[in-house]
Amino acid sequence: MHSPITGEMIPLSEVKDEAFSTGMLGNGVGFEPLEGKVVAPFDGEVVSIFPTKHAIGLRSDSGVELLIHVGLNTVELGGTYFDLIVKQGDHVKQGQMLLKFDIESLRSAGYVTQTPVVVTNTGDFKEIIIKTIGAKTANDEIFTIKA
C-alpha cells in the first residue's frame, strides 16, 4: 500500500481522535500533511465520498477497503476548503489525484489536519505490517497487507 499523502507518517495511536487512535475503525496510520493533496494509494474504486468532501472510501482491486479522513472534526466545515477530483464509482489508478484541500485555511480555522488512513476491513486480513514511521512522499510504501 502506498502513501496517499506527502507528510509525516505517525502511528495511528498518536491521532488526536479516539475513534481512530484506538483502532476502532481499523488498523492503519496517521499523517501530518505537508501539502493539501490526496492521491490514490492503489488501483481501485472510489466506493464512498462523504457529502462534506473531507473523507473518501476506496476499495483496491485486491479487496482492501481504505478510509482516508482529512483532518479531525472537518465534517463541521460542510465541504469548505475541499475540492474533489473524483466521484463515487470512479476507477482510479495508484498516484491519481483524488482530492485537494486548503491546508492553511484548515489550520487557520483551528482544525487539526492529521489525516488517518485506515483499513476498514482489517479483520479480513491476516496481518497489516506498518512500514517505518517518518517522512513520506505520496506513493512511498506505508504498509504491507497479508491475506
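Numbers at a glance
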| item | result |
| --- | --- |
| Of residues in region 33-53 being assigned to a loop (DSSP other than H, G, I, E, B) and in contact with a His (Cβ under 7 Å, 6 or more places away or on another chain), the one least open to solvent (accessible area, probe 1.4 Å) | Pro41 |
| Filter result for the condition that a residue is among the small types (Gly, Ala, Ser), part of a loop (DSSP other than H, G, I, E, B) and surrounded by 15 or more Cβ atoms within 10 Å (Cβ to Cβ), over Gly23, Gly71, Gly79, Gly30 | Gly71 |
| Subset of region 128-143 that is open to solvent by less than 40 Å² (accessible area, probe 1.4 Å) and not in a loop (DSSP other than H, G, I, E, B) - its residue that is nearest to Gly23 (Cα to Cα) | Ile128 |
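The values are calculated or read from the model by the stated rules, or taken from the named source; none is laboratory data. Predicted model, so just to flag it, every value in this text is computed and none were measured. FYI the Cβ positions are ideal-geometry reconstructions off the backbone, even for glycines, and counts take in every protein chain you see. These area figures cover heavy atoms from the full protein model, side chains too; ligands, DNA and RNA do not enter into them. Shrake-Rupley method; radii C 1.70, N 1.55, O 1.52, S 1.80 Å.
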